[in-house]
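Peer 1: There's a structure below that I have some questions on.
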Amino acid sequence: MIQANPGKLAEQIVPTASVKRVIELAFEEARRDNSNGVGTGHILVGLMLEKDGIAAQVLGELTVTIDSVRAELARLERAGVKEAMGAVGRPPLLLRHLDLTDEQGKSIRIEIVFPPGYTEQQCTEVASRIQSAVQGRQS
């Protein structure tokens with residue numbers, strides 16, 4: 001059970017099998033859609049495809065179907081409506097890609113998203129520390 005502790009709440013949340021399945025379904029939907037990434041529309045479809053979830057049940061009771069959601073998402077895309085990335089009025093988030101290697105020598109690519117307020121230099125320093133920490137563990 002998660003106990004109230006605002007500073008540590010995110011650390012206490014453990015993804016369930018259902019959450020992981022929704023994310024997998026969202027990725028599959030993005031691939032089906034030939035999208036460059038996973039958007040909120042893909043996540044919505046993933047939530048609906050996970051039939052045992054609360055979201056699918058509530059939307060089903062409201063007579064929302066997967067086909068109707070897909071049709072509406074396609075209509076919005078045709079109309080040129082773009083998904084907003086980040087809150088209105090905020091600067092774009094900074095992103096860093098790190099190419100790492102796991103213990104077996106397999107290549108791993110991770111992306112780090114930095115919140116508004118981080119400078120380019122701070123992002124570079126944090127990314128370097130992560131890369132050094134991972135490389136140090138493998139020695």
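Readers should treat all values here as calculations from the given coordinates under stated rules, not as data from a laboratory. Everything quoted here is computed from the prediction, not taken from an experiment. Positions of Cβ are backbone-derived with ideal geometry, glycine not excepted, and every protein chain shown enters the neighbour counts.
Peer 1: Could you check the spin-label model distance between residue 126 and residue 16? Points 7 Å from the Cα along Cα→Cβ, value in nm.
Peer 2: Between residue 126 and residue 16, the label points sit 3.0 nm apart.
Peer 1: So how much slack lies between residue 74 and residue 99, counting 0.36 nm per residue of separation and subtracting their Cα-Cα distance, in nm?
Peer 2: So the extension gain works out to 5.6 nm.
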